[in-house]
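Report on one structure; see the data block that follows.
The values are calculated or read from the model by the stated rules, or taken from the named source; none is laboratory data. Everything numeric in this text was worked out from a predicted model, so none of it was measured. Here the Cβ positions follow ideal geometry from the backbone for every residue, glycine too, while neighbour counts run over all protein chains shown.
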Number of protein chains: 2
Amino acid sequence: MTISDIAKLAGVSSAAVSRYLNGGPLSEQKRAVIQAVVEQTGYSPDTAAQTLRTGKVRQVGVIVPSISSQSVGQITSGIATELGASRYLMLLADTELDEQMELEYLTALQRNHVAGIILLGYDSSPQLCKALKDCRVPVVVTGQRFADLPCVYNDDRSAARDLTRKMLEHGRKNIVYIGGSEQDAATGAARRQGVQDALREVGLNADGLPRACCAVFSMEEGQRCMEELLARCPQLDGVICVTDTVAFGALQVLRAAGRRVGEDVGLAGIGDNWASKVVQPGLTTIRFYQKQVGQEAARMLLQSLEHTGPDAAPVRQTTLGYTLVERGSL
Amino acid sequence: MTISDIAKLAGVSSAAVSRYLNGGPLSEQKRAVIQAVVEQTGYSPDTAAQTLRTGKVRQVGVIVPSISSQSVGQITSGIATELGASRYLMLLADTELDEQMELEYLTALQRNHVAGIILLGYDSSPQLCKALKDCRVPVVVTGQRFADLPCVYNDDRSAARDLTRKMLEHGRKNIVYIGGSEQDAATGAARRQGVQDALREVGLNADGLPRACCAVFSMEEGQRCMEELLARCPQLDGVICVTDTVAFGALQVLRAAGRRVGEDVGLAGIGDNWASKVVQPGLTTIRFYQKQVGQEAARMLLQSLEHTGPDAAPVRQTTLGYTLVERGSL
């Protein structure tokens, strides 16, 4: 019996149960429902309270590639919500997109006695995979999929395929792609493959897809890649971008070149950045559920901390869905 | 003799010295310069290395109002850079804009034996001020100014004044203001005062400034406030917004009402969100140096950790400058 079991039975959030157990602020109604469930199940709040006092490790390490990116902020915020509700604190390590630092922090966090580690992955090297499997504490990965490790990730390939299908429906024929490094299996390889899947379905030359590669997902890189592709394929009439931020860079270059986005040329991004509804025309994009990715990852980790030994749950890999958000840019 | 002293003598960053001491990657040239300084000064790298091994507390607590906001992400990223270079890890607590949680985390972090605490402040209640002064470990505050505490903050009042002056130069006479809660001394009171300062300078009725107040700095709140002000003051020809995100909300309402931004009505924000150069017309705004705010705060804290007792430095309060970024929206 865990806090989340109590929460499910009471029809409230784990956070509410945690607040109940720790004497935090709570509506009278919720307090009554939770109390009833706690009494029925015989769940002992003392156990939870004791854990708090006995000094059992209450820290979870979180490794992020760059805390100032919007999607990383959203995932981290989801992790913080869940951990906070269970009275865990987050030991945050920002690698600043340095793969070597990723490995170093994995070691440093273990040395700092964290109970578990959540990694927001952006690369998928065999070296990293090995280091994750060698961890002495439970690990959950978000954003990437590693065989045999608990992961929460987005269905990047299907998302990119659906987006491209939608662009094809708008009659675009000469589609180009601005993508990311193939070292990143999720945003790099999977999104590129999704675009090609859709082209292949309608008999277009998927292997010949003209594409350029961003070193980082910035507006500046989007601009650079768009300029490159406009020079190589002046006849292009559709541009798919690996992220919205990259698409905003492309948008500026297309405007400057006198191409009317949404009329002469279709443009789409991935990620549903909040700015996508402010630009004109609004950017068609894919909405992921990043905060939920973070929450799910934290819940997975907390579960594996609560259930160990013979009681341990099997490795779980969760894909979260997405929504195509159509605006005026196709 | 500290790492930063060595850095100064060698003419390199503290991060470089730290990497030297910890055997991290470093150019041959820098390595040679640092080695020379270390040898000349007799600084013992063993002491630093020992500190790492002897289990001295190497964690700094960081309390943020909401990790998914852009400015918070930038400040946190600056903190991470500096702490990482000195081999400190960041124990991150996200209050989700809950003032009660701010106080709870202050206590919890101290209980978790952090060496010091950095608070990204968004309110300035006497209760919080007292709790900060009662902390058993060094504290640095960013974003707010508390008497007698080390702080790093932006000059919000002067920034808002300069922005309003610029709008007045464009001939706008009926200026309205979309602001934030006065409980936040920095973004609430100080920015509002700055706008009024500029109106007063040219003999306009500053006290009668029509204004609306956002509960949070979101596009939705910007929309709501803009609708309210358009209804109350249909003759308005200038809108100053407390943040760029709020201004994007106002922009959408102005567009929908048929007002041409940059022609019929001037619009300005504060914060230089990256989207400000993507919207049309580009948004005139104030650029703060948030990453530097975080770096400066971390450096302040690290200094007070290195120099204690009679060697302690006096309380320092630092204001960082800003830049007015003029685009087409005035």
Taking segment A:54-73 and keeping only residues that are facing chain B (nearest Cβ under 9 Å) and either outside any strand (DSSP E or B) or over 17 Å from A:GLY116 (Cβ atoms) (or both), one is left with A:ARG58, A:SER66, A:ILE67, A:SER68, A:SER69, A:GLN70, A:VAL72, A:GLY73
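Could you check segment A:263-278 and list, in sequence order, the residues that are touching a strand residue (DSSP E or B) at 6+ places or on another chain (Cβ under 9 Å) and at negative phi?
Going through segment A:263-278, the residues touching a strand residue (DSSP E or B) at 6+ places or on another chain (Cβ under 9 Å) turn out to be A:265-273, A:276-277.
Selection gives A:VAL265, A:GLY266, A:LEU267, A:ALA268, A:GLY269, A:ILE270, A:ASN273, A:SER276, A:LYS277.
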- Restricting attention to segment A:21-29, does a residue exist that is surrounded by 13 or more Cβ atoms within 10 Å (Cβ to Cβ), at pLDDT below 85, more than 11 Å from chain B (Cβ to nearest Cβ) and farther than 23 Å from A:THR95 by Cα? yes
Over segment A:128-144, the set of residues touching a strand residue (DSSP E or B) at 6+ places or on another chain (Cβ under 6 Å) and surrounded by fewer than 19 Cβ atoms within 10 Å (Cβ to Cβ) is A:VAL137
Scanning segment B:89-101 for residues that are under 16 Å from B:GLY116 (Cα atoms) and at pLDDT 90 or above gives B:MET90, B:LEU91, B:LEU92, B:ALA93
A:ALA185 meets each of (1) farther than 26 Å from A:VAL60 by Cβ; (2) modelled with pLDDT under 95; (3) touching a Ser or Thr at 6+ places or on another chain (Cβ under 6 Å); (4) not β-branched (Val, Ile, Thr) with one exception, condition (1)
Test result for A:ASP123, surrounded by 17 or more Cβ atoms within 10 Å (Cβ to Cβ), under 22 Å from A:ALA212 (Cβ atoms) and assigned by TED's automatic domain parsing to the domain that holds A:ILE79
yes
Selection over segment A:219-244 where residues are surrounded by fewer than 17 Cβ atoms within 10 Å (Cβ to Cβ) and in contact (Cβ under 8 Å) with a residue 60 or more places away in the chain yields a count of 1
Exactly one of B:VAL216, B:VAL176, B:VAL195 is under 28 Å from B:GLY258 (Cα atoms), within 27 Å of the chain's Cα centre (by Cα) and surrounded by fewer than 20 Cβ atoms within 10 Å (Cβ to Cβ), and that one is B:VAL216
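Tally up the residues in segment A:110-162 that are acidic (Asp, Glu) and in contact with a Phe, Trp or Tyr (Cβ under 7 Å, 6 or more places away or on another chain), please. I'd like the intermediate steps shown before the answer.
We begin by selecting, within segment A:110-162, every residue acidic (Asp, Glu); these are A:123, A:134, A:148, A:155-156, A:162.
After this cut, where a residue has to be in contact with a Phe, Trp or Tyr (Cβ under 7 Å, 6 or more places away or on another chain) as well, the list is A:155.
Residues in segment A:110-162 being acidic (Asp, Glu) and in contact with a Phe, Trp or Tyr (Cβ under 7 Å, 6 or more places away or on another chain): 1 in total.
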Checked pairs for segment B:193-211, first among the charged types (D, E, K, R), second assigned to a loop (DSSP other than H, G, I, E, B), C-beta under 7 Å and 6 or more apart or across chains, list as B:ARG200/B:ALA206
Among A:ASP156, A:ASP148, the single one that is surrounded by fewer than 18 Cβ atoms within 10 Å (Cβ to Cβ), touching a residue at least 24 places away in the same chain (Cβ under 8 Å) and charged (D, E, K, R) is A:ASP148
Checked segment A:179-192 for anything surrounded by fewer than 15 Cβ atoms within 10 Å (Cβ to Cβ) and either in contact with a Gly (Cβ under 7 Å, 6 or more places away or on another chain) or assigned by TED's automatic domain parsing to the domain that holds A:VAL141 (or both); matches are A:GLU182
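I'd like the full set of residues that are free of Cβ contacts under 8 Å to residues at least 60 places away in the same chain and touching a Ser or Thr at 6+ places or on another chain (Cβ under 7 Å), limited to segment A:67-98. Working first, answer last.
Of segment A:67-98, the ones free of Cβ contacts under 8 Å to residues at least 60 places away in the same chain are A:67-68, A:72-73, A:89-96, A:98.
Correct list: A:ILE67, A:SER68, A:VAL72, A:GLY73, A:ASP94, A:GLU96.
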Given the conditions (1) within 22 Å of A:ALA7 (Cα to Cα); (2) surrounded by fewer than 18 Cβ atoms within 10 Å (Cβ to Cβ); (3) in contact (Cβ under 8 Å) with a residue 24 or more places away in the chain, every one holds for A:THR323 apart from (1)
Condition met for B:ASP134 (of a type in the set (D, E, K, R), assigned by TED's automatic domain parsing to the domain that holds B:GLY262 and free of Cβ contacts under 8 Å to residues at least 24 places away in the same chain)
no
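Looking only at segment B:214-244, which residues are polar (S, T, N, Q) and at pLDDT 95 or above? Write out each step before concluding.
Taking segment B:214-244 and keeping what is polar (S, T, N, Q), we get B:218, B:223, B:235, B:243.
Those that are polar (S, T, N, Q) and at pLDDT 95 or above: B:GLN223, B:GLN235, B:THR243.
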Note on A:LEU204: of the conditions (1) assigned to a loop (DSSP other than H, G, I, E, B); (2) under 24 Å from the mean Cα position of the chain (by Cα); (3) within 24 Å of A:GLU263 (Cα to Cα), unmet is (2)
Filtering segment A:245-265 for residues that are over 20 Å from A:LEU168 (Cβ atoms) and in a helix (DSSP H, G or I) leaves a count of 9
message: Among the residues of segment A:287-297, are any modelled with pLDDT of 95 or more and closer than 23 Å to A:PRO210 by Cβ?
response: no
Does any residue of segment A:38-52 turn out to be at pLDDT 80 or above and not assigned by TED's automatic domain parsing to the domain that holds A:ASN273?
yes
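Confirm whether A:GLY249 is farther than 21 Å from A:GLN193 by Cα and at pLDDT 95 or above. Reasoning before the result, please.
On the way: farther than 21 Å from A:GLN193 by Cα: yes; at pLDDT 95 or above: yes.
Judged against the criteria, A:GLY249 is a match.
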Note on A:GLY269: of the conditions (1) in contact with a Ser or Thr (Cβ under 9 Å, 6 or more places away or on another chain); (2) assigned by TED's automatic domain parsing to the domain that holds A:PRO150; (3) buried (at least 24 other Cβ atoms within 10 Å of the Cβ), unmet is (2)
